[in-house]
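The values are calculated or read from the model by the stated rules, or taken from the named source; none is laboratory data. These figures come from a predicted structure and were not determined experimentally. All Cβ positions, glycine included, derive from the backbone under ideal geometry; neighbour counts span all protein chains shown.
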Amino acid sequence: MSLNYLSAYLETHRPPDRLLDASIASDYSKLGKMFALKNKSSNYEVLQEIIEGKEQTAFITAQYSLKEKFDKDDFRSLLFYLGYLTIDGLYRGGVKLKVPNYVVKELYFSYFETLLKEEYKYDLEVSNIRLALEALAYEGDNTKLITCIETVLASMSNRDSIKTFRRTQVRGTFLMDEKYIKTICFTLCMLSKCYVVESETEANKGYSDIQLIKRPGIDVDYYAMIEFKYLSKADGKEENIARKLKEAKEQLMRYSNSPKFKGMDNLKKWAVVFVGDECVKNEEL
């Protein structure tokens with residue numbers, strides 16, 4: 001990857017259009033094999049934590065024996081040794097780990113989306129997600145993206161309970177909430193090549209849920225900021241929906257006035273409210 005970048009830069013004096021070239025695609029299958037190694041349930045819990053942006057800490061394993069136990073520290077160490085995590089500082093005698101760059105981040109989310117699709121069998125092709133993001137990027141319309149999110153959520157909520165990548169002994173359950181909706185949206189957006197996708201980036205003393213910003217080498221007509229709110233079906237009364245919508249709009253106004261986004265005329269801002277697996281409000285500021 002480094003040589004590919006340098007070669008393109010020497011020839012054109014700009015970065016390559018595709019950082020994740022075909023020679024890196026094999027890493028996708030390697031990632032799957034690693035998560036299937038030894039303690040699958042524990043490994044998938046680590047994947048879930050990485051996808052949700054939770055801080056990873058570990059005591060780096062110096063020597064492996066696959067005949068012995070293989071816990072989360074061992075698996076995080078393996079991801080570190082192979083370049084899928086990198087050291088971000090010291091922590092209580094161990095280290096803090098983080099995803100090293102955006103290319104590796106794309107690999108994680110692409111793998112995560114495949115696991116979700118295998119588990120929940122939702123009818124959503126990657127080409128539909130690409131078209132949804134293109135509609136946002138060049139038409140300023142997010143309705144197709146919202147429909148994609150609803151399709152995934154409907155498939156999941158039709159099961160006995162909301163679970164993440166339950167295959168192969170995994171039983172990592174969590175309640176549907178704003179964070180859950182955001183994770184699904186983030187995962188779908190990461191499959192597009194139109195944007196760099198950011199989540200919960202600090203902005204003006206707050207955190208916005210999803211930000212779709214400029215990707216090097218790609219010019220779009222619109223960028224985006226989306227704030228999600230969630231209500232259970234039992235709480236989905238009109239007054240509660242109105243309250244959540246108002247909260248989302250107020251947060252968006254505050255975030256968009258931060259130095260990073262202030263003055264961006266082509267920044268689209270949407271306040272989105274879900275009740276259960278259905279979007280009931282999708283309003284642009």
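Among the residues of region 257-266, are any touching a residue at least 24 places away in the same chain (Cβ under 8 Å) and in contact with a Leu (Cβ under 9 Å, 6 or more places away or on another chain)? For region 257-266, residues touching a residue at least 24 places away in the same chain (Cβ under 8 Å) and in contact with a Leu (Cβ under 9 Å, 6 or more places away or on another chain): present. Within region 120-140, the residues that satisfy the criterion of being more than 11 Å from Asp221 (Cβ to Cβ) and among the charged types (D, E, K, R) are Lys121, Asp123, Glu125, Arg130. Of the residues Lys69, Lys105, the single one that is in contact (Cβ under 8 Å) with a residue 60 or more places away in the chain and either of a type in the set (Lys, Arg) or surrounded by fewer than 16 Cβ atoms within 10 Å (Cβ to Cβ) (or both) is Lys105. In region 51-75, the qualifying residues are those that are modelled with pLDDT of 85 or more and in contact with a strand residue (DSSP E or B) (Cβ under 7 Å, 6 or more places away or on another chain), and the one that is nearest to Glu200 (Cα to Cα) is Glu55.
Is at least one residue of region 79-86 free of Cβ contacts under 8 Å to residues at least 12 places away in the same chain, within 30 Å of Thr147 (Cβ to Cβ) and not basic (Lys, Arg)? No: zero hits.
Only one of these is of a type outside the set (A, V, I, L, M, F, W, C), modelled with pLDDT of 80 or more, out of contact with any Ser or Thr (no Cβ under 6 Å at 6 or more places or on another chain) and over 28 Å from Lys269 (Cα atoms): Thr114, Thr164. Name it.
Thr114
Conditions tested, residue by residue: (1) surrounded by fewer than 14 Cβ atoms within 10 Å (Cβ to Cβ); (2) among the aromatic types (Phe, Trp, Tyr).
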position	(1), (2)
Lys214	yes, no
Phe228	no, yes
Leu231	no, no
Ala248	no, no
Gln251	no, no
Gly263	yes, no
Asp277	no, no
Asn282	no, no
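Here Phe261 clears all of (1) modelled with pLDDT under 90; (2) over 23 Å from the mean Cα position of the chain (by Cα) except the condition numbered (2).
Scanning region 225-255 for residues that are free of Cβ contacts under 8 Å to residues at least 40 places away in the same chain and touching a strand residue (DSSP E or B) at 6+ places or on another chain (Cβ under 6 Å) turns up Asn240, Lys244, Leu245, Ala248, Lys249.
Selection of region 127-146 for residues being in contact with an Asp or Glu (Cβ under 6 Å, 6 or more places away or on another chain) and without any contact (Cβ under 8 Å) to a residue 60 or more places away in the chain yields only Ala135.
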